[in-house]
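Enquirer: Here you go, one structure.
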Amino acid sequence: GNSTPYAASLTVQAAPSIIMGPALPSICTGGTTGPLGGSASGAGLISAIWSDGTVGGTFANNTGNSPELVTYTPPANFTGTVSLRLTATGSACNAINSKGLQVLPTGTATWLGLTNNWAASTNWSTGAVPGACTAVIVPAVGVGPLVQGTTNRVKSITVQQGATLTLATGAVLEVEHR
């Protein structure tokens, strides 16, 4: 038979690459992140857009041109961890990467003073040890709290008249003012 030689040229375009940037600090319910960071690059890059799956939060500056400047606000009552995805769309293919954001509950916890253990959930009106988004009130009831360890964080703290709050040697209690 007849065979005709055929020459072809093939151009392979690499997928866009994504650099996620640093981990995100947790935020309080109803709060907004600072810039999410992250960048996308590569031949044929069209855009880089952040998304949160089905959580339903809102993004600011999410135009596809500067993903490092985008900020995120979760829905008003959302708590937990949301996976924020950065999708880089290229002329030939896409790249996707994600990082987690912890959204902490807000509220007020009042010390009950059943024991002096700050870390015991039974000593708190909420039934949970307060965190970085919790306003704490220590009234003059029962036994005053003894804070131990170095990972204690609260949003604010009010020690009422006649109440005591004790920090053990080396203990840390950070007031975040979020």
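Enquirer: Given a 1.4 Å probe, how much area per residue of the range 1-124 is accessible, in Å²?
Expert: It amounts to 56 Å² per residue over the range 1-124.
Enquirer: (1) 9.4; (2) 13.7; (3) 16.1: which one is mean projected area of the Cα convex hull in nm² as calculated from this entry?
Expert: (3)
Enquirer: Give me the distance between the Cα centres of the range 68-98 and the range 104-155, rounded to whole Å.
Expert: Answer, in whole Å: 34.
Enquirer: Tell me, in nm to one decimal, what length is gained between Ala8 and Val172 on full extension, where the rule is 0.36 nm per residue of separation less the Cα-Cα distance?
Expert: The Ala8-Val172 span can extend by a further 52.2 nm.
Enquirer: Pop out the carbon and sulfur fraction of the accessible area of the range 57-178 as a percent, whole number, probe 1.4 Å.
Expert: Solvent-exposed carbon and sulfur of the range 57-178 make up 50 percent of the total.
Enquirer: So in the chain, which Cys have no other cysteine's beta-carbon sitting under 4.7 angstrom from theirs?
Expert: Cys93
The values are calculated or read from the model by the stated rules, or taken from the named source; none is laboratory data. All values reported here derive from a predicted model rather than from experimental measurement. All Cβ positions, even for glycine, are placed from backbone atoms using ideal geometry, and neighbour counts span all protein chains on display. We work out accessible area using only protein heavy atoms, side chains counted, and drop any ligands, DNA or RNA first. Shrake-Rupley method; radii C 1.70, N 1.55, O 1.52, S 1.80 Å.
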